[in-house]
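A.B. asks: Here you go, one structure.
The values are calculated or read from the model by the stated rules, or taken from the named source; none is laboratory data. What you are looking at is a predicted structure, and each value in this text was computed from that prediction instead of being measured. With ideal geometry, Cβ positions are generated from the backbone for all residues, glycine too; neighbour counts draw on all protein chains shown. When the accessible area is computed, the model is the full protein with side chains, heavy atoms only, and any ligands, DNA or RNA have been set aside. Shrake-Rupley method; radii C 1.70, N 1.55, O 1.52, S 1.80 Å.
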Amino acid sequence: GRPRLAALHVAPGVARAFALEAAARLQAGSEHPLARALAEAHPGAAPAEDFRALPGRGVEAVVEGRRLALGSPRLLADRGAAAGALAEAAEAEAAEGRTLAWLIEGDRALALFSFEDAPRAGAAEAVAALHARGLRTLLLSGDHPAAARAAASRLGVAEAEGGLLPEDKQARIAALAREGRHVAMVGDGVNDAPALAAADCGIAMGSGTDVAIEAAHITLLRPDPRLVPAALDLARATRGTIARN
């Protein structure tokens with residue numbers, strides 16, 4: 001839950017200082033974890049002008065008279081922008097399981113930001129506890145598929161799907177429901193809200209965004225993944241009490 005900026009690669013002719021400041025200004029004031037990582041890497045950045053969020057893709061705004069966008073590899077593809085000289089670096093960073101963000105102007109990639117995030121304490125233990133209860137686990141992520149697979153491997157999650165938009169996560173939940181499965185979704189971000197609402201049981205982290213908390217059925221008051229199996233145990237015990245009564 002606390003990603004940090006691991007690497008910054010810039011295209012020929014682009015100053016590293018400009019790329020970092022522009023990215024920090026684009027994300028100034030955002031609740032997104034990557035925005036916090038950029039704020040730590042470049043504190044005190046003033047917000048950009050004419051800001052616009054691009055759900056599931058990134059953001060765009062005007063910095064020093066230039067309209068720039070910052071977002072996922074999907075945004076790069078949507079803009080028809082070429083990775084150019086940064087393509088090799090992008091492949092290497094993705095292979096490390098890191099999250100990628102592109103700084104784009106028009107159809108040109110100006111810079112590539114790479115973020116890494118250590119697993120939250122207790123996450124692997126929580127996954128093991130869910131498996132011990134006979135539950136199947138699946139990681140749905142907007143991150144690069146390689147990053148999603150790397151995180152799943154570290155945590156012991158059975159399956160992982162990356163590169164998903166909010167509507168993709170929601171569609172995956174719906175597909176599981178059509179298979180006759182009962183689905184609990186755990187999330188904390190704006191991009192998780194549709195899936196949280198679509199699940200039989202949406203579980204939000206109390207440290208997450210307001211929209212995720214609003215969409216969920218259960219909110220965990222501490223950002224501890226081990227509370228997920230504990231919440232399910234509590235629900236089962238409550239149901240048992242109701243049945244006995």
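A.B. asks: Please state the charge dipole magnitude for the range 21-65, taken about the Cα centre, from unit charges on C-beta atoms (+1 on K and R, -1 on D and E), reported in debye and rounded to the nearest 20.
C.D. replies: 160 debye
A.B. asks: Run a plain Debye calculation on the chain (Cα atoms as equal point scatterers, no solvent) and give log10 I(q)/I(0) at q = 0.12, 0.14, 0.16 Å⁻¹, rounded to two decimals, same order as the q list.
C.D. replies: Values returned for q = 0.12, 0.14, 0.16 Å⁻¹ are -0.71, -0.93, -1.17.
A.B. asks: While we're looking at this one, here's another question. Work out, in µm²/s and without decimals, the Stokes-Einstein translational diffusion coefficient of the range 63-114 at 20 °C, 1.002 mPa s, Rh from Kirkwood over C-alpha pairs.
C.D. replies: So the translational diffusion coefficient is about 194 µm²/s.
A.B. asks: Around residue 33, under 14 Å between beta carbons, what's the net of Lys plus Arg minus Asp minus Glu among the other residues?
C.D. replies: Value of the local net charge: -2.
A.B. asks: Something else now. Just for the chain, what percent of DSSP beta bridges are antiparallel, to the closest 5?
C.D. replies: The answer is about 70 percent antiparallel.
A.B. asks: In addition: Taking the Cα-to-Cβ direction at residue 171 and at residue 120 and moving 7 Å from each Cα, how far apart do the two end points lie in nm?
C.D. replies: 2.7 nm
A.B. asks: I've got another one for you. Would you mind giving the three semi-axes, in whole Å and largest first, of the ellipsoid equivalent to the range 1-64 according to its Cα gyration tensor?
C.D. replies: Ellipsoid semi-axes (Å, largest first): 17, 16, 12.
A.B. asks: Quick one: with all protein chains in place, what share of the accessible area of the range 32-91 is carbon or sulfur, to the nearest percent (1.4 Å probe)?
C.D. replies: The nonpolar share, carbon plus sulfur, comes to 54 percent.
A.B. asks: Over the range 112-242, what per residue volume does the convex hull of the Cα atoms give, in whole Å³?
C.D. replies: In the range 112-242, the Cα hull volume divided by residue count equals 116 Å³.
A.B. asks: Related question: In nm², what is the average projected area of the convex hull enclosing the Cα atoms of the range 54-171?
C.D. replies: 8.2 nm²
A.B. asks: May I ask for the equivalent-ellipsoid semi-axes of the range 107-176, computed as the square root of five times each C-alpha gyration tensor eigenvalue and listed largest first in whole Å?
C.D. replies: 26, 17, 8
A.B. asks: Further, regarding this structure: Round to a whole angstrom and tell me the spacing of the C-alpha centers of the range 1-47 and the range 193-210.
C.D. replies: Taking the Cα centre of the range 193-210 as reference, the centre of the range 1-47 is 27 Å away.
A.B. asks: Highest first, please rank the peptides 200-208, 157-165 by the mean number of other Cβ atoms sitting within 10 Å of their residues.
C.D. replies: Packing order, densest peptide first, comes out as 200-208, 157-165.
A.B. asks: For the range 103-245, report the accessible area per residue in Å² (1.4 Å probe, heavy atoms, rounded to an integer).
C.D. replies: 52 Å²
A.B. asks: Give me the accessible area per residue for the range 10-100, probe 1.4 Å, as a whole number in Å².
C.D. replies: So the range 10-100 comes to 50 Å² accessible per residue, rounded to a whole number.
A.B. asks: Out of the range 67-128, which GluC sites (Glu not before Pro) are coil in DSSP terms and have no more than 15 other C-beta atoms within 10 Å?
C.D. replies: For GluC sites (Glu not before Pro) across the range 67-128 that sit outside H, G, I, E and B with at most 15 neighbouring Cβ atoms in 10 Å, the list reads 96.
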